[in-house]
Structures are given as C-alpha cells and as structure tokens.
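What follows is calculated from the coordinates using simple rules that are stated; it is not laboratory data. Bear in mind that the values here come from a model prediction, so they are computed numbers and not experimental data. Cβ: placed from backbone, ideal geometry, glycine included. Neighbour counts: every protein chain shown.
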Amino acid sequence: MSVDSSTVKKVASLARIAVTDADAEKLVPELNSIIGWVEQLGEVDVTGVEPMTAVIPNTLRLRDDVVNADPQTGGGIRDKVLANAPQAEHGFFAVPKVIE
C-alpha cells in the first residue's frame, strides 16, 4: 500500500487538520515509512506465541474483600444509610432508568 498527496489531504480533512500542499508532500514519505513498518510486522511468524497485554507479567496486589462490620469505621450500618435514600430496593439505592 502506498500513500500519495491526495490521500494525505483526505486523511487531514477527516481529522480536521489544516495541511498545506507543501506539508502534504513532506508527509507522504513519512506515512509510507510507517505503513512499511506495519506491513513488516505482518510478516513476523507468531505461531505459538500467546497474546499479552504487557512485556512483563503484572499481577495486582489485592486485599481481601471483606465487609467491615465495625460501626465506628463505617461498616455494618447499611439500613441507616439506606434510610436516607429517596428510594431503596433489595438493600441498594434505586435510581431511575436513564437508558431508553
């Protein structure tokens, strides 16, 4: 695939970027170079390679998900909190539907 000056102007128009004719001519070899790199990546044999989201393995340090039942530090008072709600259902705040 190859990019020409008219393609650069079309992409710039779609991106709402003002590009002069001289700038468009300067961008043609740069964009062709980028497309060449992408095509080169398509030639790499990746059979047997698992997809990954990061180069190094990351694991989140998670704390135990426990209910704090101590009323002094904010737990165990669900009924008191829901008493202030305009509407509550099944132990949760009820809110109006916003998706039509």
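Here is how the numbers come out for the structure above:
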{"item": "Nitroxide proxy distance, nm - points 7 Å out along Cα→Cβ at residue 14 and residue 77", "result": "5.6"}
{"item": "Straight-distance crosslink candidates among lysines, where the alpha carbon sits under 17 Å from residue 10 and sequence neighbours closer than 8 are dropped", "result": "26"}
{"item": "Charge-dipole axis of the chain as Lys and Arg at +1 and Asp and Glu at -1 on Cβ define it, positive-most pick from 37, 98, 51", "result": "98"}
{"item": "Cα gyration tensor, segment 1-85 - rounded (a/c under 1.5), prolate or oblate", "result": "oblate"}
{"item": "Highest-first arrangement of 42-48, 81-87, where packing means the average Cβ count within 10 Å", "result": "81-87, 42-48"}
{"item": "Whichever lysines have a C-alpha closer than 25 Å to that of residue 80, once near sequence neighbours (fewer than 8 apart) are set aside", "result": "97"}
{"item": "Packing rank of 27-39, 56-68, where each peptide gets the mean count of other beta carbons within 10 Å, highest leading", "result": "27-39, 56-68"}
{"item": "Percent RCO, i.e. relative contact order, over the chain, from Cα pairs under 8 Å lying at least 6 residues apart", "result": "14"}
{"item": "Cα-centre dipole for the chain with unit charges at Cβ (Lys and Arg positive, Asp and Glu negative), debye to 20", "result": "540"}
